[in-house]
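Here's the structure we're looking at; comments come further down.
The values are calculated or read from the model by the stated rules, or taken from the named source; none is laboratory data. This structure is a prediction, so every number in the text was calculated from the model and none was measured. Cβ placement follows ideal geometry from the backbone for every residue including glycine, while neighbour counts extend to all protein chains displayed. Side chains included, ligands, DNA and RNA excluded: accessible areas come from the protein's heavy atoms. Shrake-Rupley method; radii C 1.70, N 1.55, O 1.52, S 1.80 Å.
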Amino acid sequence: MADEQMAEGRERGLPPVPGPPQGPAPGGAPQPPVVRPLDAIDRDILRILQTDGRASIRAVAERVHVSRANAYARINRLIDDGVIRGFSARVNHERAGQGASAYITLKIVQNSWRTVREQLQALPGAAHIALVSGDFDVLLLVHTPDNRTLRELVLTKLQSIPEVLSTRTLLVFEETDLDPDH
């Protein structure tokens, strides 16, 4: 499937999206992230691609008033620097058969984040996982077909993870995606 996505991206004139850097830098030290300041054109490109990830290089170049080669080079740099992590579709979960959504807070055993994260990533319907500060440790967003499936996910899958001490489920009644300009 990744090959199909890369081929589709090439057809639309988008550069390939590389994976994260593999392994430590020479000498065994971890690779520090490349952080370069973004200029106004970079920010405009990001805004355009956040609104329409399918925008062609030509359309992006025209909208930010640079050449196609410049737009292509900038997008490649944003990808290489890890600013752009990939391209995806915004999904209406209800229309996609995922009518129940919830934020679930978890308290976990100290120093178990990496283990818990791996298990949460494998959950069906897991959409976002964040290690946070405050009264709980992890915030998990899930989308499931219905409340019965959500209940099973919480009561049988989440609470059976040994490192999970407690959970709290917050049902989502309605959600709105914000435009990147907000």
THR169, THR105, THR51, ranked by accessible area, largest first (probe 1.4 Å): THR51, THR169, THR105
Approximate spin-label separation ARG47-ASN147, in nm, with each point projected 7 Å along Cα-to-Cβ: 4.2
Could you compute how fast region 23-182 diffuses translationally, taking Rh as the Kirkwood radius over C-alpha pairs and applying Stokes-Einstein at 37 °C with viscosity 0.692 mPa s? Give it in µm² per second. 175
Residue-span extension gain [ASP177 to ARG114] - 0.36 nm each, minus C-alpha spacing: 19.8 nm
